[in-house]
1. Residues with amide H under 5 Å of SER412's amide H, sequence separation 5 or more or different chain, H placed in the peptide plane at 1.01 Å from N; which?
2. Of all alpha-carbon pairs in region 39-176, indicate the percentage at a distance above 20 angstrom.
3. Within region 271-365, list the GluC sites (Glu not before Pro) lying in a DSSP loop whose Cβ has at most 15 other Cβ atoms in a 10 Å radius.
4. How big is the shadow of the Cα convex hull of the chain, averaged over all directions, in nm²?
5. Antiparallel as a % of all DSSP beta bridges within the chain, to the nearest 5?
6. Once the piece of chain linking GLN503 and ALA434 is laid out straight, how much longer is it, given 0.36 nm per residue of separation minus the C-alpha distance between them?
7. Please rank LEU103, LEU303, fewest neighbouring Cβ atoms within 10 Å first, as an exposure proxy.
8. Pop a pseudo-label 7 angstrom from the Cα along the beta-carbon direction at both THR483 and ASN448 and give the gap in nm to one decimal.
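No lab work stands behind these numbers, since they all come straight from the coordinates. Here the structure is a predicted model, which is why all the values come from computation and not from measurement. So basically every Cβ, Gly included, is an ideal-geometry build from the backbone, and we count neighbours across all protein chains shown.
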Amino acid sequence: MKKNKNNALNYRKKNRMKVVKSISQFAFLLFVGFILFQVLVDIKKYEEPDRSKWTNDKGFIAISYFGVSRTGTPKLIAKQQLDQQLKALKDQGYVAISQQDILDYYDKGKKLPDKAMFLSFEDGRNDSSLFAQPLLEKYNFKATFLSYANKMGNSDRKFLQPGDMKKMMKNGYWELGSNGYRLSYINVIDSDGQFIGMKDENELRNKMNIDYYNHYLMDFIRDSNMIPVENRAEMEARITADYTQMNKIYTDKLGFVPNVYMIMHANAMNGSMNRLVSDVNLANIQQIFKMHYNREGDSFNSLSDSKYDLTRIQPASYWFTNHLLMKIREDTAQEMNFVLGDESRAKDWTVVHGAAQYIDNRIALTSEPSGKGLLELKNSEKYEDIQLSTSLNGNVVGKQTLYARYNRQQDSYIRATVSNNRLIVEQKLPFKSAEKLYDEELDEVHWNESELALNKATVYSKEQTSVIDLTEEQQYPVNINNTRKITLSLIGDKISVTVDKQQLLADRVIDGSIRTGSVAIESEYHEQNEKDDIYDGVFDDVKVVALGTNGQQQATLYSNSFVGVQKFVSRMQRAFDTTIDWMIDTF
């Protein structure tokens, strides 16, 4: 009897376990199904703003990104950086407006939100859609995705295809635009003076050896003497054919032509372009499109601007968030709440000029337009003999400076600057000019030709091509960064400077009257970057140590370096990112 009772209990126990197991399996399947549904089906929809509350008739800003990648390249912004920038814009109160909002603003006099922003992504890249989509959903931003018509239907997997574009429009976050039919160059001359003529973007194998060029829609076709080889009618027919082909492809592949056009390249129409060439472009643009972003470099568009001559800024991949906010402040004269980052780290510094973001072991110091960014380390004026070290990770074209014994009131100091790959060491006495103690070129910075973006397209005369050497490789590109580990040591009236473990200045005697002052760091743009007068100095692993008269380290006054587990995790993360990026690029 007892045995039967035990059997019954065991049976019920097994049944309960089966039920629990079945429920668990069913719950797991539901969870997996939900995840797959989230991945495969766009269920989030754009929430339209309440336009009845809009009162702004002053204008709007336009921001256009070239492209997005996972961790960033010299051309593509990192998705994390894009996230930070979009969050900052959201926090400032910006509302992303649609193409129709802009048309209604110009055509019907309708109002815009107080802080109106037109957001776009150029070049039609697959990764831009992939990485930007979750961020548009996160901040409820609408954006325009622009493409080249000749990329539709080809085998280049880098670019989104018509079916994908139609799908991405359904959730309301995306609208479509065009960069034109193709990206192609004309009147190309290489660094040896050889006339190459016309080449598509993918045919320019070595951009470093290109001296002169223009874009396909920007000029007459010319010979090696820069004399036109086509008359006005032939030029107009050639350019019109490009627009006609673009119109046909969009109509066939999408069923419509996008409203928005951004010509390649910006700032040429009504500028360096021949008036006859401008006229035929404008006639085609006005016939096909409803608005045109003709200019780049200024973010603000007002009611007095033409909807066929709009302007936008194109944030470079190396812009930190405060760089973008500083630029918008310059264009709009509106106050900005700059991003601070780690507030506990920020407490150690006084911001004198510019804006600083504290990110882990990094200080990103953004200069003011055509000015400087300057931070002073609090309480550092108490120490005369110090060692200041850091890794400079900003762009080569720019100025990153370390100060010791910096007296702001008297404008006296000892400083070491890395500017365009030159090390310049100076001393300055009160009310006198700075005196150079050292000025030499550092070891060459190596960079890849693929990182170069051609940006000197214009109309050249034969005299210019004969006299001016504009080979891209003669100067470092403005989008190339580099790491320099620099250490500045001051003991009494002697200074030593080491760069990348090489001592370049050893016990150089300085003026003995420069005895007191703070530790400071500074960023400043370089005149070579003609398109951007704001610069982000990047100071990693900043360390300030008090020294004894014998040069021995006595105490660490400041350090933002990773240590212990943090350092290990940081290295592992960099290795992981490098591996993933290699796999994406390779496969």
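1. ASN407
2. Cα-Cα pairs in region 39-176 separated by more than 20 Å: 48 percent.
3. GLU335
4. 38.9
5. 75
6. That pair, GLN503 and ALA434, stretches by 22.6 nm at full extension.
7. LEU303, LEU103
8. Roughly 1.7 nm, to one decimal.
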